[in-house]
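Each remark here refers to the structure printed beneath this line.
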Amino acid sequence: MNCVSCDRPLICSSCSTAFAPKSEADYRAMHEPETAVVCPECAAPLVCRLCGRAYSGDEGEFGEE
């Protein structure tokens, strides 16, 4: 799956695993800015390793740049 901000592969910044939604609900949550998403591998809040986009449920929030 690609990051909604940089359109490059979405890789968890915590565990370096490519994000793959486990269900349709997980996939929909990626496109709902008010919904927080966690990495299914390490359970850390999902942050794109490449651009720093945080999927924290706060629209427009970015992690480290």
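None of the figures in this text is laboratory data; all of them are computed from the coordinates on show. Keep in mind that this is a model prediction, so the values were computed, not measured. FYI the Cβ positions are ideal-geometry reconstructions off the backbone, even for glycines, and counts take in every protein chain you see.
So the values come out like this:
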quantity	calculated
Ranked list, fewest to most other Cβ atoms within 10 Å of each Cβ, for VAL37, VAL47	VAL37, VAL47
Entry for Cα Rg over 2.2 N^0.38 Å (calculated from the structure that is shown) out of (1) 1.96; (2) 1.71; (3) 0.95	(3)
Cβ-based net charge around GLU41, under 15 Å, with every Lys or Arg adding one and every Asp or Glu removing one	+1
Added length on full extension, which subtracts the Cα-Cα distance from 0.36 nm per residue, LEU50 to GLU34	3.6 nm
Where GluC sites (Glu not before Pro) fall in DSSP loop in the range 1-63, at most 15 other Cβ within 10 Å	GLU34, GLU41, GLU59, GLU61
Computed [θ] at 222 nm, helices only, for the chain once each DSSP H run of length n ≥ 4 contributes -39500 (n - 2.57)	-2500 deg cm²/dmol
Extension gain, ALA20 back to ASP7 (0.36 nm per residue minus Cα-Cα distance, nm)	3.2 nm
Relative contact order [Cα under 8 Å, 6+ residues apart], the chain, whole percent	31 percent
